[in-house]
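Okay, so here's the structure we're looking at.
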Amino acid sequence: MESTSDTTKVIDYVKEQFFGHYLEGLKEFVRIPSLAPLYDPKWQENGHLYRQCDHLESFAKAQNIKGCTITPIKDAGRSPFLIVNVEPSDPANTNCVLLYGHMDKQPFGEGWVTDPCDPVIKDGKMWGRGSVDDGYAFFSAVLAIKACQENGLSHPRCVITIEGSEEGEIDDLLYYIQSYKHLMGHPNMVICLDAGASSTDCLSITSTLRGYLDFDVKVRVADNNMHSGIASGICPNPFHIMMTLLQRLQDFKTQQLIDELQVQIPEHRIHECHSIANKLPLLSKSLPMLDQVKSQGYKEGVSKEEENYALIINNSWRPSLSVTGFEGLPPFEKAGNVIYKELKMRCSLRLPPGLTAKAAAEIVRGKLTEKRDDETYNAQIDVIIGEGGNGFDAPKLPDLIHDKFNASHKSVFGDENLPMFIGCGGSIPFMEVFEQNFPGTQFLLTGCGFLDCNAHSANENLDLDYCRKLTTVVSLLLSKM
Amino acid sequence: MDSPQQPILSYIDSTFYTTFVDALSTFISIPSLSPLYDPNWKENRNLFKQAQHLTDFANTLNIQGLTIQTLEAKGRSPFLIADIQPTSKSTNQVLFYGHLDKQPFGDGWLTDPSTPTLKDGKLYGRGSVDDGYAFFSAITAVKACQIACIPHPKVTIVIEGSEEGDIADLLYYMGEFSHLLGLPDIVVCLDTFAASKESLSITCSLRGSMTFDIEGACLQEVMGKVERLQDFKSQRVNKAFEVEIPEHRRIECKYVASKLPSLAESLPLIDGLQVLGDKEEIILNNYWRPTLSVIGIEELGKKIRLSMRLPPTLDSQKAKQIVLEILSDTKVTFLGNGTGFNSPALSDQVMKSLNEAHSQVFKGEKPLFIGCGASIPFMEVFKAKFPKAQYILTGCAFLDSNAHSANENIDLDYCKKLMKVIALFLSQL
């Protein structure tokens, strides 16, 4: 059992290192334009991802971590993958913690105030592409382990895995995990350092993720387009049929999806959502919505907390549907008085945790292909199921780990600030991979991704002090395991 | 026994395949594309050449009491007015309408669109059925009356040069040269459809139209609004846009249903598609009921463009008001609108004359009174100008006449019958 002074030493050590080696390492990370293969067709020729991998490798080496094996893997045609294995301080410790991050980056995009590859430190933040998504992950993981060793604290076996294609295809991660599983041990905890943060007073633990399902719907009524004066009232309009189909999944007025696509929300998640609804500002306020537009949680006479709760539940636990593409209908400037022969629509469905993409696909297909001639007029209807990914509902942390985590958190953020367990409306496909490959393991998804960190847009930035605190909490947690 | 009108029919029979077809062939060979489709129309003067061709043709017929002139206001397409003094004591005046401008050629022609080609009783070429025959038919019908020495009323033929494009020129000429048009009792528009070879088709109603954009936060929200205007499942528009269908029109629609194949058969529908009602119902839908189509989309459905077809008797300004009432909480932008047309009932005398003329030519058949689901913008101009006139809209445009597509053609024998009906009709007024 470590003492208060041990805790202080760790906090001080992390602080000292953080604003030294750590920042230098992260700056170099920002300088290397290691875009994800999806966004950089020439990545194999320009070698940016490989250089990033080399940079991380040499940084790790320079730390002189005891019991450390560094394995950069660059299999042909695949993005690089880095595994850093650190043996436990005590061979009797059978725990194994896997720390996850990625080295690839989003494309730069327009609107940067500074050069996206020039790490600028201003107002306590580091600006630059990759700073918060997900450069800090590797450096924080390394520093957390090093802090234990330097201060004479114990730590379990740690495996840091840094992938090179998080922003793109998931194939590479699947491949590396399957091919190199023997290098990863049997982690009983996965700490994923690539998630969101919602308050500077505490860490946010992403406890759920929604899944997703993309699908296309095609409706055909004729072999040629038709003059709307000549054909209307005779030929059923394919657009109306399309909308009728969509309404089999969703009520346009309430925008709620059908019961079949909903899940039973676990009681403890409802409590969590209530508790964060009171702590966080209204979720809708962080979106660029028009002032007069009411949020989907708004109801006459409802309190702000209740509205926020409804939004949090909607965003974390309910399905939602967006139309993401339309083919067959022209833009206004080319719009003639025509009934179109065929229309295509692409939909993206967010799925509640617990409903698999496969199950959702069956529901969608079943609903959309159900024949009702008074609605669809025997039109030719095709449903093409696209990509899908399952959501995630983190297993409840065992009390022991939960207590250790809370203690570490308290040491850094103070007694009154508990970590916040929140859901995420988006999807993190790799979570599924970990869940399947390491069944029964515990998950801790956390990170520095505040909404104004602009992880996928211009002016990406990392709140340095918050990141330092996160690193400290991880270090203290490791020291207790 | 020969009727006194036999010389009319004989004249047409003897000159149709020579004089008329020659004139129509020349019409085809002059590429008088509508100004909208021919930016060089002022330089190449094809529209003016066409007007000259019509004038020359009229002059060679030596028609008694004919005054013909082509108006050429600066910057505007030509507008031809032929005026023929009455040979009867009748105070009636008949105005014929047609146009000399053409649709662009487009792709897919089997023959040259400007080379008149006679095949299987049809004359192929751009402008043949839309609307070359109109002038020649009207003027020949007058001549036929004169040859037969049967009195005819005052006849005015107006041929515009921009029907396929902007309506501004028609409005201008009809406003500025009102004194040359007189005050017709009967307006015969020779630019519409033919539904059956067994009779003429008289288009007695046209739907109006209205185009507007609506906006919202996402497709679903916008569609929630659209649903107030129409039910997606039944595809029926909100009852607020419906009108009481006049009983005599219902009877006509029933008659049309009994005479014609289903309207759906002429559409390129996929096999097995269920249309929006039985034979009679889809006629009522298409002629008399409002319909709504989404015709354009922006920003994935945050903005959509809607086109509504309106019942013939629903004022389009009123339709706008209904939209605004139903969508009072929505941003709506109107782009254009036009009121439909419901032809006033023909007087007993006119109906009798028409029926008799028709019966002689079409073996005892009555003309078919049909509606049209589309709009004909110039009818609004005429209706406003001559609110008390009776209207007869007819023509030779079968669906396979390809009026606006490749391989346009006119069924010559049918056109000859149309000409005969007109001539007999004139002789009885």
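How many residues does region B:306-331 contain that are more than 14 Å from chain A (Cβ to nearest Cβ) and assigned to a strand (DSSP E or B)?
0
Give the residue that is farthest from B:L310 (Cα to Cα), with candidates limited to residues of region B:269-287 that are open to solvent by 20 Å² or more (accessible area, probe 1.4 Å) and at the interface with another protein chain (Cβ under 7 Å from one of its Cβ atoms). Give the derivation first.
Within region B:269-287, the subset open to solvent by 20 Å² or more (accessible area, probe 1.4 Å) is B:269-281.
Still in the list and also at the interface with another protein chain (Cβ under 7 Å from one of its Cβ atoms): B:269-270, B:272-276.
On the way: B:L269: 23, B:I270: 26, B:G272: 28, B:L273: 25, B:Q274: 23, B:V275: 20, B:L276: 17 Å.
The selected residue is B:G272.
Quick check: anything in region B:25-32 open to solvent by 60 Å² or more (accessible area, probe 1.4 Å), in contact (Cβ under 8 Å) with a residue 12 or more places away in the chain and assigned by TED's automatic domain parsing to the domain that holds B:N407? Explain how you work it out, then say what you get.
Going through region B:25-32, the residues open to solvent by 60 Å² or more (accessible area, probe 1.4 Å) turn out to be none.
No, region B:25-32 contains no residue that is open to solvent by 60 Å² or more (accessible area, probe 1.4 Å), in contact (Cβ under 8 Å) with a residue 12 or more places away in the chain and assigned by TED's automatic domain parsing to the domain that holds B:N407.
For a quick check of your reading of the model, give me the residue pairs whose first member lies in region A:362-375 and is within 11 Å of chain B (Cβ to nearest Cβ), whose second is open to solvent by 70 Å² or more (accessible area, probe 1.4 Å), with beta-carbon atoms closer than 6 Å and at least 6 apart or on different chains.
Once the first residue is within 11 Å of chain B (Cβ to nearest Cβ) and sits in region A:362-375, its partners that are open to solvent by 70 Å² or more (accessible area, probe 1.4 Å) give A:D373/B:Q274; A:E375/B:K233.
Step by step: first the residues of region A:226-236, then only those that are touching a residue at least 40 places away in the same chain (Cβ under 8 Å) and under 18 Å from B:F241 (Cα atoms), then the one that is surrounded by the fewest Cβ atoms within 10 Å (Cβ to Cβ). Which residue is that?
Here is the first cut: in region A:226-236, the ones touching a residue at least 40 places away in the same chain (Cβ under 8 Å) are A:226-229, A:231-232, A:235-236.
Next cut, under 18 Å from B:F241 (Cα atoms) only: A:228-229, A:232.
On the way: A:S228: 26, A:G229: 22, A:S232: 29.
Applying the filter and picking the extreme gives A:G229.
Restricting attention to region B:119-135, which residues are within 15 Å of B:Q103 (Cβ to Cβ) and of a type in the set (D, E, K, R)?
B:R126, B:D130, B:D131
Go through the residues of region B:183-192 one by one and say whether even a single one is within 14 Å of another protein chain (Cβ to nearest Cβ) and under 24 Å from B:A23 (Cβ atoms).
Yes: region B:183-192 contains one or more residues that are within 14 Å of another protein chain (Cβ to nearest Cβ) and under 24 Å from B:A23 (Cβ atoms).
Please work out if A:G426 is within 29 Å of A:D118 (Cβ to Cβ) and out of contact with any Asp or Glu (no Cβ under 7 Å at 6 or more places or on another chain). Show your work before the answer.
Working: within 29 Å of A:D118 (Cβ to Cβ): yes; out of contact with any Asp or Glu (no Cβ under 7 Å at 6 or more places or on another chain): yes.
Considered against the rule, which asks whether it is within 29 Å of A:D118 (Cβ to Cβ) and out of contact with any Asp or Glu (no Cβ under 7 Å at 6 or more places or on another chain), A:G426 comes out as yes.
Could you please tell me which pairs satisfy a Cβ distance under 6 Å, a separation of 6+ or placement on different chains, a first residue in region A:42-62 that is open to solvent by 70 Å² or more (accessible area, probe 1.4 Å), and a second residue that is at pLDDT 95 or above?
A:R51/A:I32
Report yes if some residue within region A:322-342 is surrounded by 14 or more Cβ atoms within 10 Å (Cβ to Cβ), under 19 Å from the mean Cα position of the chain (by Cα), in the same structural domain as A:I241 (by TED's automatic domain parsing) and among the hydrophobic types (A, V, I, L, M, F, W, C); otherwise report no.
no
Taking region B:224-261 only, how many residues are more than 10 Å from every other protein chain (Cβ to nearest Cβ), under 20 Å from B:D329 (Cα atoms) and either of a type in the set (A, V, I, L, M, F, W, C) or touching a Phe, Trp or Tyr at 6+ places or on another chain (Cβ under 7 Å) (or both)?
3
For the structure I just gave you, tell me whether A:K285 is open to solvent by 60 Å² or more (accessible area, probe 1.4 Å), free of Cβ contacts under 8 Å to residues at least 12 places away in the same chain and facing chain B (nearest Cβ under 7 Å).
Numbers: open to solvent by 60 Å² or more (accessible area, probe 1.4 Å): yes; free of Cβ contacts under 8 Å to residues at least 12 places away in the same chain: yes; facing chain B (nearest Cβ under 7 Å): no.
When the stated conditions are applied, A:K285 does not pass them.
Any residue in region A:354-364 that is at pLDDT 90 or above and touching a Ser or Thr at 6+ places or on another chain (Cβ under 8 Å)?
Scanning region A:354-364, I find no residue that is at pLDDT 90 or above and touching a Ser or Thr at 6+ places or on another chain (Cβ under 8 Å), so the answer is no.
For region B:185-203, indicate whether the set of residues that are within 30 Å of A:M242 (Cα to Cα) and polar (S, T, N, Q) is non-empty. First the steps, then the outcome.
Initial filter on region B:185-203 (within 30 Å of A:M242 (Cα to Cα)): none.
Taking every residue of region B:185-203 in turn, none turns out to be within 30 Å of A:M242 (Cα to Cα) and polar (S, T, N, Q).
Among the residues of region B:40-79, how many are over 26 Å from the mean Cα position of the chain (by Cα) and not charged (D, E, K, R)?
9
To keep it simple, each residue is scored yes or no on (1) in contact (Cβ under 8 Å) with a residue 24 or more places away in the chain; (2) more than 14 Å from chain B (Cβ to nearest Cβ); (3) in a helix (DSSP H, G or I); (4) closer than 30 Å to A:R468 by Cβ.
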position	(1), (2), (3), (4)
A:V217	yes, no, no, no
A:N224	yes, no, no, no
A:H240	no, no, yes, no
A:F252	no, no, no, no
A:Q255	yes, no, no, no
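Hey, can you tell me all the residues within region B:288-305 that are crowded, with 18+ Cβ neighbours inside 10 Å, facing another protein chain (nearest Cβ under 8 Å) and not in a strand (DSSP E or B)?
Residues satisfying the conditions are B:R289, B:G301.
With the requirement that a residue be buried (at least 17 other Cβ atoms within 10 Å of the Cβ) and assigned to a helix (DSSP H, G or I), what does region B:229-263 give you?
If the condition is that a residue be buried (at least 17 other Cβ atoms within 10 Å of the Cβ) and assigned to a helix (DSSP H, G or I), then B:L229, B:F241, B:R249, B:E252, B:C253, B:V256, B:A257, B:L263 are the ones that fit.
Of all residues being in a loop (DSSP other than H, G, I, E, B) and at pLDDT below 95 in region A:402-418, which is nearest to the chain's Cα centre (by Cα)? Just the residue, please.
Here is the first cut: in region A:402-418, the ones in a loop (DSSP other than H, G, I, E, B) are A:414-418.
Pick out the ones that are also at pLDDT below 95 and you get A:415-418.
Values: A:D415: 29, A:E416: 28, A:N417: 24, A:L418: 22 Å.
Selected residue: A:L418.
Is it true that some residue in region B:160-178 is in the same structural domain as B:A73 (by TED's automatic domain parsing), within 30 Å of B:H358 (Cβ to Cβ) and hydrophobic (A, V, I, L, M, F, W, C)? Give the steps one after another, and end with the answer.
Start the filter on region B:160-178 by keeping residues that are in the same structural domain as B:A73 (by TED's automatic domain parsing), which leaves B:160-178.
Then drop every residue that is not within 30 Å of B:H358 (Cβ to Cβ), which leaves B:160, B:163-164, B:170, B:174.
If we keep only those that are hydrophobic (A, V, I, L, M, F, W, C) as well, we get B:170, B:174.
Checked region B:160-178: at least one residue is in the same structural domain as B:A73 (by TED's automatic domain parsing), within 30 Å of B:H358 (Cβ to Cβ) and hydrophobic (A, V, I, L, M, F, W, C).
Kindly indicate the residue of region A:423-436 that is open to solvent by 10 Å² or more (accessible area, probe 1.4 Å) and in contact with a Cys (Cβ under 8 Å, 6 or more places away or on another chain) and also farthest from A:C202 (Cα to Cα) among those meeting that condition.
It comes out as A:I428.
Take region B:319-333 and flag every residue that is open to solvent by less than 50 Å² (accessible area, probe 1.4 Å) and either closer than 28 Å to A:L290 by Cβ or free of Cβ contacts under 8 Å to residues at least 60 places away in the same chain (or both). So that I can check it myself, show each step before the final result.
Keep residues of region B:319-333 that are open to solvent by less than 50 Å² (accessible area, probe 1.4 Å), which gives B:319-320, B:322-323, B:326-327, B:330, B:332.
Across region B:319-333, the qualifying residues are B:K320, B:I322, B:V323, B:I326, B:L327, B:T330, B:V332.
Just give me the residues in region B:134-163 being within 18 Å of B:P78 (Cα to Cα) and open to solvent by less than 20 Å² (accessible area, probe 1.4 Å), in sequence order.
So the first thing to find is which residues in region B:134-163 are within 18 Å of B:P78 (Cα to Cα), and the list is B:134-136, B:156-163.
Within region B:134-163, B:A134, B:F135, B:F136, B:T156, B:I157, B:V158, B:I159, B:E160, B:G161, B:S162 qualify.
The values are calculated or read from the model by the stated rules, or taken from the named source; none is laboratory data. What you see is a predicted model, and the numbers here were worked out from it, not measured in a lab. Positions of Cβ are backbone-derived with ideal geometry, glycine not excepted, and every protein chain shown enters the neighbour counts. The protein model used for the area step is the full one, side chains on, heavy atoms only, and it has no ligands, DNA or RNA in it. Shrake-Rupley method; radii C 1.70, N 1.55, O 1.52, S 1.80 Å.
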